1. Explain nothing, just compute: Karplus ³J(HN,Hα) = 6.51 cos²θ - 1.76 cosθ + 1.60, θ = phi - 60°, for every residue of region 316-326 in order, whole Hz, x for Gly and Pro.
2. Taking region 335-392, which GluC sites (Glu not before Pro) meet the DSSP loop condition and have no more than 13 other C-beta atoms within 10 Å?
3. Multiplying the sequence separation of residue 369 and residue 101 by 0.36 nm and subtracting their Cα-Cα distance, what value in nm do you get?
4. Take the Cα of residue 89, step 7 Å along the line toward its Cβ, and report every residue of region 142-176 whose backbone nitrogen sits under 18 Å from that point.
5. Trypsin sites (Lys or Arg not before Pro), restricted to region 104-201: which are DSSP loop and have at most 14 other Cβ atoms within 10 Å?
6. How about region 199-251: which GluC sites (Glu not before Pro) there are in a DSSP loop, with at most 16 other Cβ atoms within 10 Å of their Cβ?
7. Under a 5 Å amide H to amide H cut-off, with H placed in plane at 1.01 Å, what residues pair with residue 163 once short-range neighbours are removed?
8. Determine the gain in length on full extension of the stretch residue 197-residue 361; use 0.36 nm per residue of separation and subtract their C-alpha separation, reporting nm with one decimal.
Amino acid sequence: MTTTGKGPAGPGGGSSAPVDETIDGADEAVGGAAIGTALEEGPPPGERTDGDTHPSSPVGPTVIDPAAPTRTPEERLTSGPVMLGTIKRRVTLQLDGREVRVPEGATILDALHDEGTPAQADTPTLCWAPNMDPINACRVCVVEVEGSRALVPSCARKCEDGMEVRTDTEKVRHSRRMVLELLTSSVDMDRASADVQRWIREYEVDAARYGPPAPPAAAGERDRRHAGHHDAPDGATAATVQQPVKIDNELYVRDYSRCIMCYKCVNACGTDTQFTFAIAAAGRGFDARIATEFDVDLPDSACVYCGNCIGVCPTGALVSVREHELREADDWHPEEETVTTTICSFCGVGCNLELHVQQNEIVNVTSPSDHSVTHGHLCIKGRFGFQHVQNR
């Protein structure tokens, strides 16, 4: 008895293998017999059949189950395959004296969010986002780690077994206060998120002690500054990034008076999301700024107007044209805003949209960061293509 390949069995052609021969280390006798029996009972070669000529055979896991090595393939098939993610060991660390266990590879901020108290989970962040890689730019999430010379950014420092973390010491609070104070002294933070506004109050930030803000720069002045060359400050005013708003397209505006250089827009345009690389950081020191490649005008750049930079901006430096117009007209009512989740109708990908509605009008569109399709990011149609559904 032989098993057959492409062609008739026997000396005339086709491939054959003895039933009792072990192939690749596995005994094929049972499988070969089953196939051979099915072929013998089938119709003669060349005759039409009304169904599938391939014999039925057991389907499912065929490797030995390490948890139950004596189970047959049929028994394993009844329970079905078990899909497992990456298996990680857990590490133990101390959060303000309380022992917690987290998966290996988790950051300190992950531990604070997942295993920490409400106060620990409320660690301030500006450049961090759940759907982006850590950036380490803002340094307001710093914590103390036993044995570390300096404060460490909790958003990027991985947890280690036996690590002792302190999140609310005077050193930590002073560092966070200084970062927020320096930012608010040079950047207009009045349109930052509600959480940022709350942290500014809770850390008792006093930007006024740096003096009144310096006069704003003229249009394009900061873009033309030579990197690294600074005039000596007079000590009477606080240097700022104040400058006119840039409006050069119909979809969004850039108000860099509110930019804290968190780099989230750069990463969203680059390796985290869009891979367009239309924008990047330029300049150095206090003259650092967000610019297009080769410093061309935005419409002439590689920008595809997906608006993902808007979606991650924490301070309102990047907003839709509609939001900017309503704010300028003093007709912006966030306290009346409702958010409705729906599915984008432009294609079949299935992106979830969050429609932000004020006074029966869609003013912005976002996407949930934990959605399995979008991970918080959208294309130009999903973010800006909502005018056709407005009730007018």
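Every number here is computed from the coordinates shown, using simple stated rules; none is lab data. Just so you know, these numbers come straight off a predicted model, no measurement behind them. Glycine also receives a Cβ, built like all others from the backbone with ideal geometry; neighbour counts cover every protein chain displayed.
1. Per residue, the Karplus-derived 3J(HN,Hα) values read x, 5, 10, 9, 5, 4, 5, 5, 4, 5, 5 Hz.
2. Here the GluC sites (Glu not before Pro) that fit, given the DSSP loop and packing criteria, are 337.
3. Answer, rounded to one decimal: 93.9 nm.
4. Once the point is set 7 Å along Cα→Cβ of residue 89, 158-164 turn out to lie under 18 Å by backbone N, inside region 142-176.
5. Filter output for region 104-201: 149.
6. Listed in order of number, the matching sites are 204, 250.
7. 94
8. 56.4 nm
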